[in-house]
Amino acid sequence: MEILAASAPERVNSLEEHWMPFTGNRDFKEKPRLVVSAEGVYYIDHRGGRVIDGSSGLFCSPAGHARREIADAVYKQLTTNSYSPSFQVGHPASFELARRVASLLPDPLNHVFFVNSGSEAVDTALKMVMAYHRARGQSQRLRFVSRERAYHGVNMGGVSLSGMVKNRESFPVTMPNVVMLRHTFTGNELFCDGQPQKDGVELANDLQRHCETYGGSTIAAVFVEPVAGSTGTLVPPVGYLERLREICDEHGILLVFDEVITGFGRLGTPFASQRFGVTPDITTMAKALTNGSIPMGAVAVRDEIYETVTEASPDNAIEFFHGYTYSAHPAACAAGLAALDIYQNDGLFDRAAEMAPYFAEAMMSLRDHPLVMDIRTIGMMSGIEVHHDGVPGRRGQAMQKALFWNGCHVKFTGDVGIVAPQFIAERAHIDEVVDKLRRTLDEFA
């Protein structure tokens, strides 16, 4: 497939050279869906159509697209210091951003390590867990616990923790000693707004059974998404996260929350840990950290983890042999600081909390459609699951493409559309997303 480049009509722009991620490349290049500009809650496609963004990109841009404040901050930083390393050298913005991020987290998560993505954040957290237990003389803790239907990024550590079969079946050489908890979707409580009321403690007790089977003293950490996002918005039942915390405390296991999707206001609080009242030992984050404007992620840890690792090394020695060339990149830090200013000055976390009931009601209005199997909502995220057509995932993939040409972008995983509007969205925008979802559902009925 070839299209004309918008800026140079005389040049042919081939799509063939780009091997696209998580995309059916042959299908896409035959019938491409290109975004040529974006502003606020809308994309503009290459045909000139307006597409409302129903998933904040990939849950990255709650403050809306093309925020001038972020662009100006990044421009200023790039013309002041476009790059300096974070190995044995620092720049002021990284320390200020770490302070600002820590101020949003529950105590005592006060130490922040910067990376470039959610995938890197998870792999960094794995290494932090290993370093912490080694520093404490507990190197026998070699086992990690994850969960069915989990998504923890695409680096090899994250793939090892993955509970989504398509993300791991082509990559069989992964970390050993990873065991899985059951996922939390039982099917007993369909069309649930908020937390399901049943089975939370029973499902969390999977961890206790692992401790009894393998020995709690052999388990290093448990990785969970507070709300399993990429698999389709699986909200934890009442008591689930609390029970995981209890078991971890009993056995000296670290609890890691992957908040790459839920961090920065998605549930109406800065992080999901505050929404659920459960404080982890480590939190990973990315996406909305810079409003999606520049790649960046981070890992926040309890003070005791940082202090244990750093104090175990000799004076003047490097304590944690890990990092990336672009860790705490100056431009990314500038984008992060500008994004946090917007969230604070515009009150966007509170706005998300205030809009959430209307959003949930609007999404639940689709429950009468014969193709809809379930709808799950919490905060400003929802999973709308459609009945498959005999081949799981085929209908969802087709619906995502049709929905785009009906003027709405929603990210699908299998047969679940994950709706996560921007926090600047008005009620009319929510209505537009729901109306276009219904129109597309009607086309497939």
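Assess whether Ser170 counts as being more than 19 Å from the chain's Cα centre (by Cα), modelled with pLDDT under 95 and more than 21 Å from Arg182 (Cβ to Cβ). Taking the combined requirement at face value, the residue satisfies it. For Gly215, the stated conditions do not hold, so it cannot be described as assigned by TED's automatic domain parsing to the domain that holds Pro106, part of a helix (DSSP H, G or I), under 19 Å from Phe59 (Cβ atoms) and not hydroxyl-bearing (Ser, Thr, Tyr).
Among the residues making up the stretch 333-389, those that are more than 20 Å from His409 (Cα to Cα) and among the hydrophobic types (A, V, I, L, M, F, W, C) are Cys333, Ala334, Ala335, Leu337, Ala338, Ala339, Leu340, Ile342, Leu348, Phe349, Ala353, Met373. Residue by residue through the stretch 261-299, note down the ones that are within 21 Å of Arg67 (Cβ to Cβ), touching a Ser or Thr at 6+ places or on another chain (Cβ under 6 Å) and either assigned to a strand (DSSP E or B) or among the hydrophobic types (A, V, I, L, M, F, W, C) (or both). If the condition is that a residue be within 21 Å of Arg67 (Cβ to Cβ), touching a Ser or Thr at 6+ places or on another chain (Cβ under 6 Å) and either assigned to a strand (DSSP E or B) or among the hydrophobic types (A, V, I, L, M, F, W, C) (or both), then Ala286, Met296, Gly297 are the ones that fit.
Taking Asp368, is it over 25 Å from Ala272 (Cβ atoms), charged (D, E, K, R), over 20 Å from the mean Cα position of the chain (by Cα) and in the same structural domain as Phe114 (by TED's automatic domain parsing)? No; evaluated as a whole, the condition is false for this residue.
With respect to Leu348, determine if the residue is modelled with pLDDT of 95 or more, among the hydrophobic types (A, V, I, L, M, F, W, C), in contact with a Phe, Trp or Tyr (Cβ under 7 Å, 6 or more places away or on another chain) and closer than 27 Å to Pro236 by Cα. In short, yes.
For the stretch 320-352, filtering for residues that are surrounded by fewer than 16 Cβ atoms within 10 Å (Cβ to Cβ), within 27 Å of Lys127 (Cα to Cα) and of a type in the set (S, T, N, Q) leaves 1.
Among the strands (runs of 3 or more DSSP E) lying completely within the stretch 37-150, list those that include at least 1 residues that are charged (D, E, K, R) and in contact with a Ser or Thr (Cβ under 6 Å, 6 or more places away or on another chain).
On the way: elements: 42-45, 50-53, 109-115, 143-147.
Correct list: 143-147.
The values are calculated or read from the model by the stated rules, or taken from the named source; none is laboratory data. Keep in mind that what you see is a predicted model, and the values were worked out from it rather than measured. All Cβ positions, even for glycine, are placed from backbone atoms using ideal geometry, and neighbour counts span all protein chains on display.
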